[in-house]
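Undergrad: Questions regarding the structure given below will be posed in turn.
None of the figures in this text is laboratory data; all of them are computed from the coordinates on show. Please read all numbers here as calculations on a predicted model, not as lab measurements. Methodologically, a virtual Cβ is constructed for each residue, glycine included, from the backbone with ideal geometry; neighbour enumeration extends over all protein chains shown.
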Amino acid sequence: MSTGASEAISGFLLVGPLSSVIVLTWVASWWRPRLRPGVVAAVGLAAGVLAIVAAGLWPDDDEGGGLSSVSTASAVLFLNGLLAVWISAALLLITGIVALVRWARSEGLGAERGR
């Protein structure tokens, strides 16, 4: 495997797991009657915020402070949370747009049937 592909896979494994679960669950929610896409995206947003907060509370590796004292686990958790927040916000926006379009279509069809 090339170095670039290896770095991309390593980067995804560090930053992408939480976002992947959110996206896959959101996609599945469009076909599952018990899951709601908006709820899945909102829970994903909350999970991302929780991960960011947990990363901030994670103990540092050394007591010296500064940027070099941030633990690897804390950085990975922060990046996972940050990406999850962005992805979830985008999914919430998409869900809202789809709901608005569906509502507009149903109102338009209702008005045409009334004529």
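Undergrad: Grab the beta carbon distance between Val53 and Thr3, set R0 = 30 Å, and tell me the FRET efficiency rounded to 0.05.
TA: 0.30
Undergrad: Quick check: net charge around Val98, other residues with Cβ under 14 Å of its Cβ, Lys/Arg +1 and Asp/Glu -1?
TA: +3
Undergrad: Work out, step by step, the length gained on full extension between Trp30 and Arg102: first 0.36 nm times the residue separation, then minus their alpha carbon distance; give nm to one decimal.
TA: Taking 0.36 nm per residue and subtracting the Cα distance, the gain is 24.6 nm.
Undergrad: Taking a label point 7 Å from the Cα of Ile94 along the Cα→Cβ vector, which residues of segment 1-28 have an amide N closer than 14 Å to it?
TA: 19-28
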